[in-house]
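The values are calculated or read from the model by the stated rules, or taken from the named source; none is laboratory data. All values derive from a computational prediction rather than experimental measurement. Cβ coordinates were reconstructed from backbone atoms using ideal geometry, including for glycine residues, and neighbour counts include every protein chain displayed.
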Amino acid sequence: MRNRRQFLRGALTGAGGALVSGGMAATVQAVELAEEQRYGQPVDVLICGGGPAGMAAGVMAARQGAKVLLVERYGRLGGMAVQALVGPLMGGADCPFVDEVLNRIGGRHPDPNRMDLEYAAMLEEAGASIMLHAWAMGAVVEDGCVKGIRLLTKQGALRISAKVTIDATGDGDVACLAGAEFEKGRPADKLMQPASIMYLVGGVDSDEAILCGSEEEAHQVRTPAGSWHEVVAKAQSTGELPPEIGVVRLYRGHRSTERIVNATQINRVDGTQVADLTRGEIEARRQAYGVLDFLRKHGPGYENAHIAMMPAILGIRETRRIRGVDYLTREDVITGRKRPDVVVRSASFVIDIHNPTGPGQAENFATRTQPYDIPYGCLVPRSLDGLLTAGRCISGSHDAHASYRVQCIALAIGAAAGTAAALAAERGQQPRQLDVSHIQNALGFNS
Ligand SMILES: Cc1cc2nc3c(=O)[nH]c(=O)nc-3n(C[C@H](O)[C@H](O)[C@H](O)COP(=O)(O)OP(=O)(O)OC[C@H]3O[C@@H](n4cnc5c(N)ncnc54)[C@H](O)[C@@H]3O)c2cc1C
């Protein structure tokens, strides 16, 4: 069925960290699209974003018996791990679904060439439908309730209706387009974590090639020329490496002759701003070749390394955090706070804040945490019905986000969101009306 001309609200330039209402304080561009078509029949649960959170939400909602459609803007599922070659899968949670996914994809160091196909298979086996190459450009909102998504596709603008929509875009695009309140950046200056191009090098000596997981480890890893930290610092001081590269992290790859390089760093990139994304893409890829030259010269075991795979897109660590009815704090994750309305149990990962203004970490080293709970209210937007958030865009502070953003926690958040959305759709309730004990039962917490 064809509707009258639709005017879609474009991306919002948030006021950089302040609590921003999607429709109010930001610059809103009206984007006129061609006539919009209603696509297919309404679904129970519509998920936007095919990263770990979206995939987990899709599988778990479909396993609850919901009619599920997952839409993704690019041609492959997997989110940052596949599109930006981010890995290994870090963090953890007391969530059987996370273990199931790790088993399925071959552990924490999966082959990024196949990971998207495993995610697709898991969705298909659960009975969920997938739509790729469909970019959410608007939300259908009636009386404060999200009723579906507007998508830009090669066949024009499509509108899909749903009982419950899950925003798993990482950037909180759907919630923002629907007018949700959000935060960006750290409180003092609203800056977000830097962006990076991670890439795969091949041809390394599988026995000799050093590994370095963090700033802390860089001081411990030995080379003939001193600690890895000293080698990097010297190259930085002579201009061989740019000033913002203070640590060259080298992770194990899927094959023994491969390493994942996490070193490039572009500060002051807002991943929701196209000019920043353009600058970041080009500068970070230039940096990647500079780091390769440095590795071949100074990295034991990297003398014959080459770039085996460059990612499709720039890696974005942090953008919008959608304000929910609850809010996870730094204190919560450091003290391992337990919550009666928990939907992700025992999330575990350090507070890992890459310095938004200079090299290395914002706090010298990553801060240790205790296994903490994520309450349901962090997934429920404060002012909108019909919508849940999942993954790195849930409600929490800049510091807490720096812990819960990793993939294994995103998977567990997605599993909770999908389960809750299916229950809400089945019962004809709004997500905020659900009794959390029903979600916990469906997640197997009490069995
Ligand atoms: C450089 C870098 C290094 C990192 N290192 C690690 C690491 O070593 N280990 C680890 O576990 N984590 C790491 N992370 C963090 C982790 O990758 C992400 O935080 C995690 O993938 C978040 O999962 P998500 O599902 O919320 O979002 P994403 O993985 O970003 O997935 C979101 C999906 O939504 C899609 N999407 C976005 N907008 C739209 C739209 N408007 N319409 C339709 N689809 C849309 C995207 O294409 C994407 O597929 C790193 C991140 C970066 C950037």
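Data for the structure
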read-out: Residue match in the stretch 271-293 (condition: surrounded by fewer than 19 Cβ atoms within 10 Å (Cβ to Cβ) and touching a Phe, Trp or Tyr at 6+ places or on another chain (Cβ under 9 Å)); value: yes
read-out: One residue from Glu100, Glu72 being more than 16 Å from the ligand (Cβ to nearest atom) and at pLDDT 95 or above; value: Glu100
read-out: Close pairs (8 angstrom Cβ cut-off, 6 or more residues apart or separate chains): in a strand (DSSP E or B) in the stretch 259-287, at pLDDT 95 or above and among the basic types (Lys, Arg) anywhere; value: Val261/Arg249; Asn262/Arg249; Ile266/Arg279
read-out: Sole residue being assigned by TED's automatic domain parsing to the domain that holds Val71 and buried (at least 21 other Cβ atoms within 10 Å of the Cβ), chosen from Val164, Val204; value: Val164
read-out: Yes/no for Ala218 being part of a helix (DSSP H, G or I) and without any contact (Cβ under 8 Å) to a residue 60 or more places away in the chain; value: yes
read-out: Pairs where the first residue, in the stretch 98-111, is assigned by TED's automatic domain parsing to the domain that holds Ala84 and within 18 Å of Ser346 (Cα to Cα) and the second is of a type in the set (Val, Ile, Thr) and loosely packed, with under 14 Cβ neighbours inside 10 Å, C-beta under 8 Å, 6+ apart; value: none
read-out: Unmet criterion (only one of (1) assigned to a loop (DSSP other than H, G, I, E, B); (2) near the ligand (Cβ under 8 Å from one of its atoms); (3) at pLDDT 95 or above; (4) not aromatic (Phe, Trp, Tyr)) for Pro88; value: (3)
read-out: Sole exception among (1) surrounded by 24 or more Cβ atoms within 10 Å (Cβ to Cβ); (2) more than 10 Å from the ligand (Cβ to nearest atom); (3) in a helix (DSSP H, G or I) for Ala66, by number; value: (3)
read-out: Options Gly377, Gly444, Gly386, Gly391; residue that is within 16 Å of the ligand (Cβ to nearest atom) and either of a type outside the set (Phe, Trp, Tyr) or modelled with pLDDT of 95 or more (or both); value: Gly391
read-out: Residue within the stretch 150-163 that is in a loop (DSSP other than H, G, I, E, B), over 25 Å from Ile47 (Cβ atoms), in contact with a strand residue (DSSP E or B) (Cβ under 9 Å, 6 or more places away or on another chain) and polar (S, T, N, Q) present; value: no
read-out: Residue count, the stretch 138-170 (criterion: touching a Lys or Arg at 6+ places or on another chain (Cβ under 6 Å) and within 12 Å of the ligand (Cβ to nearest atom)); value: 3
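So that you can scan it fast, the table gives a plain yes or no per residue for (1) surrounded by fewer than 21 Cβ atoms within 10 Å (Cβ to Cβ); (2) assigned by TED's automatic domain parsing to the domain that holds Asp94; (3) under 15 Å from the mean Cα position of the chain (by Cα):
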| site | (1), (2), (3) |
| --- | --- |
| Val325 | yes, yes, no |
| Val350 | yes, yes, no |
| Ile374 | no, yes, no |
| Gly386 | no, yes, no |
| Ala400 | no, yes, yes |
